[in-house]
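Below: the structure, in structure tokens.
The values are calculated or read from the model by the stated rules, or taken from the named source; none is laboratory data. All figures in this text were calculated on a predicted structure; none of them were measured in a lab. Here Cβ is always computed from backbone atoms with ideal geometry, including for glycine, and neighbour counts include all displayed protein chains.
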Amino acid sequence: MYIGRTLLLRVADIMRSGERLAVVDLGASVRDALLAMTRARSGAVAVLDGRRMLAGVFTDGDLRRLIGSRDDLPICPVAEVMTRDPLTVRSDELAVTVLQLFEKHNVDDLLVVDAERHLVGLVDLQDLPKFKIL
């Protein structure tokens, strides 16, 4: 039963959006990014440029890797430490694609974009059990 469900679901069916989607502008600090992640209860924040296009992603994993290396980390521009050109998926793709990307790239979050790279959502690995696809 769950296998069939997995084959029918689309990324749009399992992605976070609205208040559960953490977003900051390119000029934000790491502190701003962490606050946005906390508000959205997310392990990642999408970073958007002035045209509202996806510029990068900053994750709790990035924070852990950087925490001891920079004394100025809270006030550091997130653009200096984010992952540029992050792994993305389109909302019309099958949800099973997300599982394959999580496994292949060993990531916990995938940003969902449209054809012009406008952010439309995020798929968080921790959300998948509630959809019974993990």
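Out of curiosity, is residue 96 at pLDDT below 90, in contact with a helix residue (DSSP H, G or I) (Cβ under 8 Å, 6 or more places away or on another chain), closer than 29 Å to residue 9 by Cβ and surrounded by 13 or more Cβ atoms within 10 Å (Cβ to Cβ)? Before you say what the answer is, go through the steps one by one.
Numbers: at pLDDT below 90: yes; in contact with a helix residue (DSSP H, G or I) (Cβ under 8 Å, 6 or more places away or on another chain): yes; closer than 29 Å to residue 9 by Cβ: yes; surrounded by 13 or more Cβ atoms within 10 Å (Cβ to Cβ): yes.
Yes; evaluated as a whole, the condition is true for this residue.
The residues listed here are 34, 9, 87, 54; of these, the one that is within 23 Å of residue 99 (Cβ to Cβ), modelled with pLDDT of 90 or more and buried (at least 16 other Cβ atoms within 10 Å of the Cβ) is 54.
Do any residues in the range 37-48 that are at positive phi have Cβ atoms under 9 Å from those of residues that are assigned to a helix (DSSP H, G or I) and surrounded by fewer than 24 Cβ atoms within 10 Å (Cβ to Cβ), where the two are at least six apart or on different chains, and which pairs are they? Going by the 9 Å Cβ cut-off, the qualifying pairs are 41/20.
Taking residue 21, is it touching a Pro at 6+ places or on another chain (Cβ under 9 Å), buried (at least 18 other Cβ atoms within 10 Å of the Cβ), at pLDDT 95 or above and under 14 Å from residue 123 (Cα atoms)? When the stated conditions are applied, residue 21 does not pass them. Figure legend. Inter-residue proximity from the range 69-95: first residues on the phi > 0 side of the Ramachandran plot, second residues surrounded by 12 or more Cβ atoms within 10 Å (Cβ to Cβ), beta-carbon distance below 8 Å, spacing 6+ or different chains. Indicated pairs: 85/56.
Could you list, in sequence order, all residues of the range 40-51 that are surrounded by 22 or more Cβ atoms within 10 Å (Cβ to Cβ) and either within 8 Å of the chain's Cα centre (by Cα) or small (Gly, Ala, Ser) (or both)? It would help to see each step written out before you state the result.
Initial filter on the range 40-51 (surrounded by 22 or more Cβ atoms within 10 Å (Cβ to Cβ)): 42, 44-47.
Correct list: 42, 44, 45, 46.
Looking across the range 117-134, the residues that are modelled with pLDDT of 90 or more and surrounded by 15 or more Cβ atoms within 10 Å (Cβ to Cβ) come down to 119, 120, 121, 122, 123, 124.
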